[in-house]
1. What's the total number of residues in the stretch 151-176 that are touching a residue at least 12 places away in the same chain (Cβ under 8 Å) and in a helix (DSSP H, G or I)?
2. Please count how many residues of the stretch 288-325 are of a type in the set (A, V, I, L, M), open to solvent by 40 Å² or more (accessible area, probe 1.4 Å) and part of a loop (DSSP other than H, G, I, E, B).
3. State yes or no: is residue 250 more than 18 Å from residue 181 (Cα to Cα), within 31 Å of the chain's Cα centre (by Cα), open to solvent by 60 Å² or more (accessible area, probe 1.4 Å) and among the polar types (S, T, N, Q)?
4. Which of (1) surrounded by 13 or more Cβ atoms within 10 Å (Cβ to Cβ); (2) without any contact (Cβ under 8 Å) to a residue 24 or more places away in the chain does residue 349 not meet, given it meets every other one?
5. Could you figure out which of (1) open to solvent by 30 Å² or more (accessible area, probe 1.4 Å); (2) more than 30 Å from residue 385 (Cβ to Cβ); (3) within 17 Å of the chain's Cα centre (by Cα) isn't true of residue 128?
6. Consider residue 229 carefully, then state whether it is assigned to a loop (DSSP other than H, G, I, E, B) and exposed (fewer than 15 other Cβ atoms within 10 Å of the Cβ).
7. So, residue 56, is that one under 28 Å from residue 366 (Cα atoms), among the acidic types (Asp, Glu) and either open to solvent by 50 Å² or more (accessible area, probe 1.4 Å) or in contact with a His (Cβ under 8 Å, 6 or more places away or on another chain) (or both) or not?
8. Has the stretch 418-430 got at least one residue that is within 42 Å of the chain's Cα centre (by Cα) and either surrounded by fewer than 12 Cβ atoms within 10 Å (Cβ to Cβ) or assigned to a loop (DSSP other than H, G, I, E, B) (or both)?
Amino acid sequence: EDVIRDRQARLVGSEMCIRDRLCAFSEHIFVRLLAENRDHLLVRIGRRFNLDEMAERCRPYRLYDGGRGVEANYSLQQLVGCVLVKRLFNWSGRKTAERLATDMVVRWFTGFSLHEETPDHTTIHRFESWVMTHEPRALFTLILQQIDEDFPEEKTAIQFGDTFAMRTRAADPTRTDLLRDTAQRLWNSFASATQGPNQVTALLPLFQAVMGTDDERPSFSLSPHERDRLTLDTAGAALLLLAAVAACANSLTRPFHPAYAAMQSWMARLQKILTDEYVVQWDERGAVQSIRFCTDKERGSYRIISAIDPDATLRIHGNSVDRGYNVSVAATANFVREIAAATGSTPDSVGIAPLIRAQLEHLHVVPPKLVYDQAGGTPKTIADVLEAGQGRTQLVVHMVDYNPNRTRFGPQDFSLTENGLTCPNGQTATRFYRSGS
């Protein structure tokens with residue numbers, strides 16, 4: 001036993017010696033690498049920014065990870081570095097894992113020696129998903145705070161706001177496919193939330209009616225009239241399926257099952273699609289008497305355009321129509337200070353005040369002025385920005401001119417000076433109060 005213990009001690013000592021030599025060799029290579037690549041973006045970021053506080057905020061992830069019986073192979077600092085690199089270069093999880101394994105600058109930035117094993121895409125995805133759920137904007141805020149340490153004038157610089165389109169990755173489905181994709185997801189969640197097979201079996205013919213028959217001709221081979229008829233028939237069948245699932249929802253034996261919440265969500269989405277796109281007439285027995293497409297004026301707002309990405313809607317901006325999201329951004333001349341995405345149909349003016357509100361909440365500072373285009377030129381938007389910034393931010397815009405279309409006076413017919421408010425007739429009022437009517 002003494003001999004065995006002695007050999008084990010020598011083996012451990014030998015392994016530690018080898019590991020120390022590999023670390024020293026790796027450090028030597030990194031020193032030369034950084035000297036030759038001092039202008040590399042990752043080198044400049046790695047030498048300036050400290051990610052320790054972000055790693056500290058992610059400490060609960062270690063409890064979550066360890067609770068599953070998985071040994072912690074990588075430090076939180078290393079995982080945070082992986083996520084930052086992934087987002088900085090807009091890489092996929094697999095691309096990030098590949099560059100970690102082959103790129104020495106990326107290895108140095110994320111804290112891996114040359115001889116260490118790097119994480120695969122599954123580990124990176126699991127950690128990033130946790131971050132998106134529990135600390136979605138912490139990395140953005142912490143880096144911006146460190147930027148402000150070097151450039152304190154940025155805190156009070158004038159900001160400029162605008163929007164841009166972010167397209168969804170989901171394909172553009174036909175109206176028939178949209179109904180069927182949504183019904184399929186509703187059916188899957190319903191089947192998972194139902195404990196017994198009897199309810200599923202009873203509703204199966206209704207689901208099959210929505211999905212069509214095996215010998216159904218593909219939609220591209222149909223005439224426009226036949227295609228519309230197929231869509232209307234599918235919508236009618238979807239109405240019956242939705243009503244049947246809703247009737248069974250209250251009698252499900254597992255209302256707290258995760259699939260039950262998903263079922264409720266897909267029921268609401270299918271109901272919205274049917275309400276936004278179709279006009280239905282019912283007979284006295286509660287059966288569908290007739291169904292037709294909505295006219296342009298009858299169609300609903302914020303219409304769902306994909307079951308793959310149900311949060312995406314149409315963004316109509318001038319002559320441009322994009323399927324996806326409307327992204328609002330506020331920036332100084334040098335740095336982005338705030339950014340947020342809303343569904344595509346959200347008006348530009350709605351996203352202005354939240355940009356100021358988020359800066360006050362997370363950075364505890366707001367700009368003195370936010371310059372925006374005429375989309376924000378309404379009294380309501382100006383008041384919303386003033387309230388969001390607690391009176392410290394002024395919205396600078398060209399006012400929307402409503403006068404050509406109205407018979408009453410508008411804001412542009414009046415002028416506000418230090419002496420008071422002057423009306424179109426040249427009279428100046430020095431008192432202000434609510435009208436009471």
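1. Within the stretch 151-176, residues that are touching a residue at least 12 places away in the same chain (Cβ under 8 Å) and in a helix (DSSP H, G or I) number 5.
2. At the first step, the residues of the stretch 288-325 found to be of a type in the set (A, V, I, L, M) are 288, 291, 304-305, 307-308, 312, 314, 316, 321.
Right, trim to open to solvent by 40 Å² or more (accessible area, probe 1.4 Å) and you get 288, 308, 314, 316, 321.
The next check asks that each one be part of a loop (DSSP other than H, G, I, E, B); those that pass are 308.
Counting residues in the stretch 288-325 that are of a type in the set (A, V, I, L, M), open to solvent by 40 Å² or more (accessible area, probe 1.4 Å) and part of a loop (DSSP other than H, G, I, E, B) gives 1.
3. Spelling it out, it is not the case that residue 250 is more than 18 Å from residue 181 (Cα to Cα), within 31 Å of the chain's Cα centre (by Cα), open to solvent by 60 Å² or more (accessible area, probe 1.4 Å) and among the polar types (S, T, N, Q).
4. (2)
5. The failed condition is (1).
6. In short, no.
7. Considered against the rule, which asks whether it is under 28 Å from residue 366 (Cα atoms), among the acidic types (Asp, Glu) and either open to solvent by 50 Å² or more (accessible area, probe 1.4 Å) or in contact with a His (Cβ under 8 Å, 6 or more places away or on another chain) (or both), residue 56 comes out as yes.
8. No, the stretch 418-430 contains no residue that is within 42 Å of the chain's Cα centre (by Cα) and either surrounded by fewer than 12 Cβ atoms within 10 Å (Cβ to Cβ) or assigned to a loop (DSSP other than H, G, I, E, B) (or both).
The values are calculated or read from the model by the stated rules, or taken from the named source; none is laboratory data. Treat the numbers as computed from the prediction; the structure is a model and nothing was measured. Cβ atoms come from the backbone with ideal geometry, glycine included; neighbour counts cover every protein chain shown. Each accessible area value is taken on the protein alone, full model and side chains, heavy atoms only, with ligands, DNA and RNA left out. Shrake-Rupley method; radii C 1.70, N 1.55, O 1.52, S 1.80 Å.
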